[in-house]
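Read through the structure below, which is laid out as structure tokens, and then see the notes.
The values are calculated or read from the model by the stated rules, or taken from the named source; none is laboratory data. As the structure is a computational prediction, the values presented were derived from the model and not from experiment. No Cβ is skipped: glycine too gets one built from the backbone with ideal geometry, and neighbour counts run over all protein chains shown. Heavy atoms of the whole protein, side chains included, go into the accessibility calculation; ligands, DNA and RNA do not. Shrake-Rupley method; radii C 1.70, N 1.55, O 1.52, S 1.80 Å.
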Amino acid sequence: MRTIIVTGASSGIGAYCTRALKAEGWRVFATARKPEDIAALEADGIEAFYLDYREPESIETLVASVLERTGGRLDALFNNGAYAQPGAVEDLPVAALREQFEANVFGWHDLTRRVVPVMRRQGHGRLVHCSSILGLAPLPFRGAYSASKHAIEGLMLCMHQELQGSGIHVSLIEPGPVTSKIASNGLVWFLSNIDRENSVHRLAYEAQLQRLQAGGSTSRLKPGPEVVHAALRHALLSRRPRPHYVVTVPARIGVVLKRILPASMLYRLLAKRA
């Protein structure tokens, strides 16, 4: 039976992929932070563990517990758990940016480094990272999240090259808007860390606040997490997994526009989507 760690399995993409992979015959080790989310996963027969990327000891404990159960083997890792810190770059406290990178970059790096030696010993493995189209084409008021995804793109694409010939494959999934709780979960970070009342962006923040309270953008082009699962499945099972999986129509449009438009025109166009 193939084994995989899926992080951020409490809702959205992680929750869907966890249950879909289990239904497909994988032995899934899923992670969440809240006890009630861990209990919900266990109620569905999933082996669930506590993980907070900002706590290195929880990463160490997760890997040790999984390897104890598998006899020291692991076929795949899906780094997915993350959050988005909204706010204009000039309003972003340094501490908030550090926190964003602890969860979205440094924790992913720590977990990845811990499983690579396991995969090297067994001669195979799949490392899949749920990045974002914002790691390729940033948007206003999403600077912290975009920066964290740009960092993941650079870090893991270097690893993709460094692992050539090892039997370990690295893939990045870059979704556009997908139905999830990332926007509504970002509301608490926005309210906690951004001084919107004293910002020159105060009026723009009113629209941002409404968007976050509504759970993010609404569009007929906004699919469910099943589109990410389809990309993940290919990255896990294909003999030739791709380095990039650009998912959703808006994300594909963004990649094409980045390729064909002059930079100044591209960024003026993206700025209008704030």
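Data overview
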{"quantity": "Which of LYS149, LYS258 is most accessible, then next, and so on - probe 1.4 Å", "calculated": "LYS258, LYS149"}
{"quantity": "Computed over segment 88-187, the ratio Rg/Rh where both radii use C-alpha atoms and Rh is Kirkwood", "calculated": "1.02"}
{"quantity": "Candidate residues PHE190, PHE49: accessible-area rank, largest first, probe 1.4 Å", "calculated": "PHE49, PHE190"}
{"quantity": "Whole-Hz couplings from phi, Karplus 6.51/-1.76/1.60, listed for segment 22-38; x for Gly and Pro", "calculated": "4, 5, 8, x, 6, 8, 9, 9, 9, 10, 7, 9, 8, x, 5, 6, 4"}
{"quantity": "Taking the chain and dividing mean pair separation by its residue count, relative contact order in percent (alpha carbons under 8 Å, at least six apart)", "calculated": "19"}
{"quantity": "Under-5 Å amide H pairs with SER199, H placed in peptide plane, nonlocal only", "calculated": "none"}
{"quantity": "Listed residue pairs exceeding 24 Å between alpha carbons, taken from LYS34/LYS222; LYS181/LYS258; LYS181/LYS222", "calculated": "LYS34/LYS222; LYS181/LYS258"}
{"quantity": "Amide proton proximity set for VAL247, modelled H, under 5 Å, gap of 5+", "calculated": "GLU174, GLY176"}
{"quantity": "Kirkwood Rh in Å, taken over all unlike Cα pairs in the chain", "calculated": "19.2"}
{"quantity": "Built amide H within the under 5 Å cut-off of PHE29, gap 5+", "calculated": "ILE4, ILE5, VAL6"}
{"quantity": "Magnitude of the charge dipole, the chain, Cβ model with Lys/Arg +1 and Asp/Glu -1, debye to 20", "calculated": "1200"}
{"quantity": "Degrees separating the helix 143-162 axis from the principal Cα axis of the chain, which is the longest one", "calculated": "40"}
{"quantity": "Most to least accessible of ASP52, ASP195 (protein chains only, probe 1.4 Å)", "calculated": "ASP195, ASP52"}
{"quantity": "C-alpha long axis of helix 249-260 to longest principal axis of the chain, angle in °", "calculated": "70"}
